[in-house]
Amino acid sequence: MNKNTYLLTLCLLPAVIGAVPAMAENLLLDEITVRGEKESPREESLTIREVRETPAKDIGEALKQVEGLSFVRKGAIANDVVLRGFQKDNINVLVDGVRLHGACPSRMDPPSFHYDFAEVEQIRIVKGPYDIENPGSMGGLVDVQTKKAGKGFESDLNLTYGSYNSINASGTASYGTDLYDGLLGYAYKGSDVPKSGDGKLITDIYPASSPNRYRPDAIDSKAYEINTGWAKFGLNPTANARTEFSYSYQDADHVLYPYLKMDADYDRTHRVNWTYRMEKVSPLVKELKLQAYWDRVRHLMNDALRESSRPSMTITRSYSMQTDARTNVVGTKMSGSLGIGPGTLKTGIDYYNRNWDALNMRAMYTMAQPYTALGMIPDVYTNNFGMFGEYDLPINEQFKVKAGVRGDLTWIETDKANTLVARGTDTDFSEVSANLQLTYVPVTGLEFFVGLGRGTRVPDPEELYIDVPAMAPQVTWRGNPNLKTTVNHQADLGVKYAVERFYVNASVFYSDLQDYVNFYSASTTLKSYQNIDASMWGAELGSQVSLPYDLFIRGSLSYTEGENKDGNRPLSEIPPLRGTVAVRYDNGTWFFEVAENLARRQDRVDSGLNEQETAGWATTDLKAGLQYKALSVYGGVNNLLDKYYLSHLSYLRDPFASGVGVKVPENGRNFYLTLAYTF
Ligand SMILES: [Cu+2]
């Protein structure tokens, strides 16, 4: 059997033996029921239980257990979500519908970096262009839903300790009555630098000659230190109305990014969200929702921890390069569900404004004026106004049709100049997105899904206006102010079979991408962005099954292929074929699980960016857990055999690549133990 058929067989195994009846009754079964019966085949979810059981350091890493999702590894934390082959602005990563962007032009702080696990209740994932409630869900949506207070007094404490002295400690306390409720939370995360399977620190990946290698005193310093605090208050003025106000502050310090040439000195994030919801307003108006939010990130990065910052004639500060970046977003949305005809019309309007400013200072940019501040992102304002409507029509017991349309107006304007654009340069976009979704249930438990969608996303301020000039032979990194909107025409086909103790979910998609924003080498000394015609296709397979004797099997398989049709070569940064199969004993009191993770080698690489092939790998994870009254204990070991391996998305394609062949390996064998106590 070759590796592909082996993977496929492993994943189908649960389906084959799923017909066997079983007896277990527990939380896992409930999750299987929810996934099997309530979720559309185009949706996935991840519960906080599943996150807590793993040693994942952030949401980006935790999501890798969902089929179709993977992440970009830049260091010990701050992993960036990849949905199928889509990443960055090709997907939306929101929290409670709030648009939160990172400040770093190198995505040191992707959206999912800015909240703690303890804030999270559940993560909802929509694959494909089927979310029309938000602008830009072109490749899909990841919406993190935060916890709210229950009735009475509740509190929980979580403490995880693991290899590399990693600590994740959090506590929440809440109190609620029928009229009002409140929740307070605090979390601390910190870790030393992890080691890969060859016993080396993940910061120790540079050749001795590289200016980007860590200084001896920094190579084994803290990998990150993050403090997060949050509060949420709710008021229910009537039985059918609720208003919520939440605030969160996060302070991340000293975060190492061996993937890049710089490290983060700090990231400081504020997030405010207010919502008002009314149900059963009238026979026509089933629901009315108002939302307003604001968030802000400040980010400072430099090379102070690297050899490149050693004092010299030109390097007169503690760094040779630094970027000071900030971004903030204000947004509002009004939406309602109306009972019109036999179906429900969901409609709304929304607006957001994002400001993004990044100043770059380099000792060596010009000899005459060292450390001149350059408008790397020239104080750009992005305004977006959108309207949407989605009609959900149940035709009969077997057929359900959903159709949605969304219109967006976007204008993006610079408030500073750089060497690429003048102050006041603006670009306008107007776009229509739409989709049609058909669900067919021929018999109970069997569901077919067909989706046709048109999703759009405008170029982001970085792709349009970024400016990092350099003197040849160094590579200049420059935006392209003439970029057009990317339009994705996608077809999805899904089938799900679910009975009480088992489900299997298979999906296939094809995506035709007009004006896909591609990063490319314009010359040997210039990297920029271009619109190209591209396509992606892929498939996912997932299943969970409950067997006799409290045994459970879970399997997943994901594949995506991307093609640059203009360049006749693969798209860059597409994850390889990947799968997991896990066997678990779980009697509701304690569990034990063995999981085997496999990835095929990725040989579809973009020669235009000098992308390199990545070898395949297999790792084994073990975990166990025990629940005793209010106390839960989880522990495990990941990468049991201490394999040295790399994810395909573990190095920067350029122009700030920290050296050819310098990749950030995955962690070697690592242990963790979590204690969770709920009052
Ligand atoms: Cu940064």
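The values are calculated or read from the model by the stated rules, or taken from the named source; none is laboratory data. These numbers were taken from a predicted model, which means no experiment stands behind them. Here Cβ is always computed from backbone atoms with ideal geometry, including for glycine, and neighbour counts include all displayed protein chains.
A few notes on this one:
- Among (1) part of a loop (DSSP other than H, G, I, E, B); (2) modelled with pLDDT of 95 or more; (3) more than 28 Å from N639 (Cβ to Cβ) - the single one G567 does not satisfy: (2)
- Residues of the stretch 434-462 that are buried (at least 19 other Cβ atoms within 10 Å of the Cβ) and not in a strand (DSSP E or B): V458, P459, D460, P461, E462.
- Q612 being in a strand (DSSP E or B) and not charged (D, E, K, R): no
- Filtered residue count, the stretch 101-135, keeping only those that are within 29 Å of V432 (Cα to Cα), away from the ligand (no atom under 16 Å from the Cβ) and not in a strand (DSSP E or B): 8
- Taken together, T347, T316, T332 contain a single residue that is touching a residue at least 12 places away in the same chain (Cβ under 8 Å) and crowded, with 16+ Cβ neighbours inside 10 Å, which is T347.
- Strands (runs of 3 or more DSSP E) contained in the stretch 197-290 and holding at least 3 residues hydroxyl-bearing (S, T, Y): 241-255, 263-279
- Criterion applied to N587, N610 was being among the polar types (S, T, N, Q), surrounded by fewer than 20 Cβ atoms within 10 Å (Cβ to Cβ) and out of contact with any Ser or Thr (no Cβ under 9 Å at 6 or more places or on another chain), and the one residue passing it is N587.
- Any chance N418 is buried (at least 21 other Cβ atoms within 10 Å of the Cβ) and not in a strand (DSSP E or B): yes
- Residues in the stretch 571-584 that are surrounded by 20 or more Cβ atoms within 10 Å (Cβ to Cβ) and part of a strand (DSSP E or B): R578, G579, T580, V581, R584.
- Residue match in the stretch 299-311 (condition: surrounded by fewer than 20 Cβ atoms within 10 Å (Cβ to Cβ), charged (D, E, K, R) and within 21 Å of H114 (Cβ to Cβ)): no
- Residue list for the stretch 226-262, filter: more than 14 Å from L183 (Cα to Cα) and hydrophobic (A, V, I, L, M, F, W, C): I226, A239, A241, A252, V255, L256, L260, M262
- Scope the stretch 310-331; condition among the hydrophobic types (A, V, I, L, M, F, W, C) and within 16 Å of the ligand (Cβ to nearest atom); matching residues: M321, A325
- In the stretch 58-100, the residues that are more than 16 Å from the ligand (Cβ to nearest atom), crowded, with 24+ Cβ neighbours inside 10 Å and on the phi > 0 side of the Ramachandran plot: G68, R84
- Residues located in the stretch 279-309, provided they are under 30 Å from L338 (Cα atoms) and either within 14 Å of the ligand (Cβ to nearest atom) or β-branched (V, I, T) (or both): V281, V285
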